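One structure is given below, encoded as structure tokens.
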């Protein structure tokens, strides 16, 4: 199972929505998701069943985020290129990407997932050491992943006129 393709299908982004997601506002505000979920679940004893309201709002935010921001005036920036690289990576079956980019993408995604282990354990145990450690590992790997996607886009933008047209 390709976790990247599965998440793409789950989000259901079309070309227009991808263009909105290329907004730096969309990219940078997506980094709020893990901290918001962490704070919310950390407060589970205080919130009780009311925890479902902020969790539902966060789930809605995950879906809405790539859709609510306007298309950026320019896409010649780190955040936009990161989304372009992600699209290039998702299209790797049709237009293969260099192996080193593929290996880094899978490795960094694995590291981000690995960071969830101490994060979740820290939240469950209310451990003030494990929680930020897990969050830092997971978010650090995700930010590095986006940076690698910028690199991938830079390496692949001349491989397809569609890729090249995203940059404006």
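The values are calculated or read from the model by the stated rules, or taken from the named source; none is laboratory data. Because the structure is a prediction, the values reported are computed rather than measured. Positions of Cβ are generated from backbone atoms using ideal geometry, with glycine treated the same way; all protein chains shown enter the neighbour counts.
What the table below lists for this structure:
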read-out	value
Qualifying residue in the stretch 96-104 (condition: under 26 Å from residue 168 (Cα atoms), out of contact with any helix residue (DSSP H, G or I) (no Cβ under 7 Å at 6 or more places or on another chain), at pLDDT 95 or above and outside any helix (DSSP H, G or I))	yes
Number of the condition not met by residue 73 [criteria: (1) in a loop (DSSP other than H, G, I, E, B); (2) touching a residue at least 12 places away in the same chain (Cβ under 8 Å); (3) under 18 Å from residue 24 (Cα atoms)]	(2)
Contacts under 6 angstrom Cβ, first residue in the stretch 140-159 being touching a residue at least 24 places away in the same chain (Cβ under 8 Å), partner surrounded by fewer than 16 Cβ atoms within 10 Å (Cβ to Cβ) and assigned to a helix (DSSP H, G or I), 6 or more apart	150/78; 157/164
From the options 13, 108, residue that is buried (at least 17 other Cβ atoms within 10 Å of the Cβ), in contact (Cβ under 8 Å) with a residue 12 or more places away in the chain and outside any helix (DSSP H, G or I)	13
Residue check for residue 137: within 19 Å of residue 100 (Cβ to Cβ), surrounded by 16 or more Cβ atoms within 10 Å (Cβ to Cβ) and in contact with a helix residue (DSSP H, G or I) (Cβ under 8 Å, 6 or more places away or on another chain)	no
